[in-house]
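First up is the structure itself, then whatever we jot down about it.
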Amino acid sequence: YNTFQINVEDINSYKIMDDNIKSFRVRINASEMVSKTLTISASKISVSNSRDDYTVKLNNPKDVTVTIVGTQSDIEAITEENLSIVVNTSDKTISNETTSIQGTVVISGEFNCWAIGKTDIKVTVTEN
């Protein structure tokens, strides 16, 4: 079993009705899960939600290697074509500089998988 500690403040898709709950744990039985390593092409990295007063550009993006975990059938079916990375800058306070932002791996298709790996993407920020 894998145990994950989740902070309530990190959840934005659901509402926790009890305001006294600040975090909770989830146990996942991953004993039947398998994994494989795939490379996400630099051409499949994009920036989303940039502020209007800044221009955010990828700074010489490089291919990113991640590990995909899922069921045997999903792992056999998923390919690099199903993967991309989105760098969401909507909640970032940034100034005129080059910085690294954690990207989110997006898996397209009907797969029950998740990605593991560092997805720090360098971006250059300039004021408009």
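Rolling a 1.4 Å probe over the protein heavy atoms leaves S31 with an accessible area of roughly 90 Å².
Amide H contacts under 5 Å for N88: S48, T104, restricted to partners 5 or more places along the chain or on a different chain, H placed in the peptide plane at 1.01 Å from N. Running Debye on the chain with equal point scatterers at the Cα sites and no solvent, what base-10 log of I(q)/I(0) appears at q = 0.18, 0.21, 0.22 Å⁻¹? Log-scaled intensity ratios, in q order: -1.08, -1.18, -1.21. On the accessible surface of region 1-116, probed at 1.4 Å, how many percent belong to carbon and sulfur atoms? That share works out to 45 percent. Could you name the lysines whose alpha carbon sits less than 17 Å from that of K36, not counting residues in the same chain fewer than 8 places away? Straight-distance partners of K36: K118. In this calculation the C-beta distance from Q5 to S90 is compared with R0 = 25 Å, giving a FRET efficiency of 0.50.
Starting from the Kirkwood radius over alpha-carbon pairs of region 54-128, derive D by Stokes-Einstein at 37 °C in a medium of 0.692 mPa s and give it in µm² s⁻¹. Can you show the working numbers first?
Working: Rh = 13.8 Å.
Translational D for this selection: 238 µm²/s.
What is the local net charge at K36, summed over the other residues whose Cβ is closer than 11 Å to its Cβ (Lys, Arg +1; Asp, Glu -1)?
On the way: positive: none; negative: D74, E76, E80.
Overall, the nearby charge balance is -3.
Gap in Å between the Cα centre of region 3-20 and the Cα centre of region 59-128? The distance from the Cα centre of region 59-128 to that of region 3-20 comes to 23 Å.
The values are calculated or read from the model by the stated rules, or taken from the named source; none is laboratory data. Just so it is clear, the model here is predicted, and its values are computed rather than measured. When we count neighbours, we look across all protein chains shown, and the Cβ atoms used for this are built from the backbone with ideal geometry, even at glycine. All accessible areas refer to the heavy atoms of the entire protein, side chains included, with ligands and DNA or RNA removed. Shrake-Rupley method; radii C 1.70, N 1.55, O 1.52, S 1.80 Å.
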